[in-house]
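Take a look at the structure below.
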């Protein structure tokens, strides 16, 4: 298998400084809407990269669940990523929309969303997902799938006939961006890259070499 021979030339679109909004969040929303219209597969999937407890990088795919002053996602606070964010409150996000030959990279500080925000999203989820948040001791070692199945039965019995509540160890985070880069694939690997960097409360926009 000749992996080195796998390649694709990008030529769908271009990106120039004159094309982008002065606010990167507005620019992101514009690109996100285009990705939805293009029926990008798992359009809100993103790689969340954190610093591990040992200081080494760690990454996984999560789903974006909101865009306002930052990027909002939800998880188990006691998971590996939750412990990492507790120790190092910085993270990076990477979106890749292959159908549009686009990538967005985000870096910034992360903090927990409010209790009200976590409750609102938690109770908007399907019942099975709500129960799942109680069932899984995320990132901890378990003996087998049977252990999870047994925990699910226990949780269903525990809340039978009762109103389900949000687990105290489950909720949201908001990454407030300090840098955002928009990448548009171009022919011959001479891609377009526009970077926003927050300096003294203002967004500085620059074009980067591919």
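The values are calculated or read from the model by the stated rules, or taken from the named source; none is laboratory data. Everything numeric here is computed off the predicted structure, so don't read it as measured data. Every residue, glycine as well, gets a Cβ built from its backbone with ideal geometry; the counts of neighbours run over all protein chains shown.
Scan segment 80-90 and give yes if some residue there is surrounded by 12 or more Cβ atoms within 10 Å (Cβ to Cβ), under 15 Å from residue 101 (Cα atoms), modelled with pLDDT of 95 or more and within 14 Å of the chain's Cα centre (by Cα), otherwise no.
no
Surrounded by 14 or more Cβ atoms within 10 Å (Cβ to Cβ), touching a strand residue (DSSP E or B) at 6+ places or on another chain (Cβ under 9 Å), free of Cβ contacts under 8 Å to residues at least 24 places away in the same chain and not in a helix (DSSP H, G or I), is that true of residue 198?
Numbers: surrounded by 14 or more Cβ atoms within 10 Å (Cβ to Cβ): yes; touching a strand residue (DSSP E or B) at 6+ places or on another chain (Cβ under 9 Å): yes; free of Cβ contacts under 8 Å to residues at least 24 places away in the same chain: yes; not in a helix (DSSP H, G or I): yes.
So residue 198 fits the description; yes.
So which residues in segment 16-47 are more than 26 Å from residue 201 (Cβ to Cβ) and either at pLDDT below 95 or touching a helix residue (DSSP H, G or I) at 6+ places or on another chain (Cβ under 7 Å) (or both)?
Of everything in segment 16-47, those that are more than 26 Å from residue 201 (Cβ to Cβ) and either at pLDDT below 95 or touching a helix residue (DSSP H, G or I) at 6+ places or on another chain (Cβ under 7 Å) (or both) turn out to be 34, 35, 38, 40, 43.
Between 70, 66, 82, 55, which is out of contact with any helix residue (DSSP H, G or I) (no Cβ under 9 Å at 6 or more places or on another chain) and closer than 27 Å to residue 130 by Cα?
82
If we scan segment 121-130, do we find a residue that is over 16 Å from residue 174 (Cβ atoms), crowded, with 19+ Cβ neighbours inside 10 Å, touching a helix residue (DSSP H, G or I) at 6+ places or on another chain (Cβ under 8 Å) and in contact (Cβ under 8 Å) with a residue 60 or more places away in the chain?
For segment 121-130, residues over 16 Å from residue 174 (Cβ atoms), crowded, with 19+ Cβ neighbours inside 10 Å, touching a helix residue (DSSP H, G or I) at 6+ places or on another chain (Cβ under 8 Å) and in contact (Cβ under 8 Å) with a residue 60 or more places away in the chain: absent.
Across segment 85-99, what is the total count of residues that are in contact with a helix residue (DSSP H, G or I) (Cβ under 7 Å, 6 or more places away or on another chain) and within 28 Å of residue 12 (Cα to Cα)?
Number of matching residues: 1.
How about segment 42-98: which of its residues are part of a helix (DSSP H, G or I) and out of contact with any strand residue (DSSP E or B) (no Cβ under 8 Å at 6 or more places or on another chain)?
83, 86, 98
Restricting attention to segment 20-38, report how many residues are without any contact (Cβ under 8 Å) to a residue 40 or more places away in the chain and either touching a strand residue (DSSP E or B) at 6+ places or on another chain (Cβ under 8 Å) or part of a loop (DSSP other than H, G, I, E, B) (or both).
The qualifying residues number 3.
Taking the residues in segment 165-188 that are surrounded by fewer than 16 Cβ atoms within 10 Å (Cβ to Cβ) and touching a residue at least 24 places away in the same chain (Cβ under 8 Å) as candidates, determine which candidate is nearest to the chain's Cα centre (by Cα).
Checking each candidate, the answer is 176.
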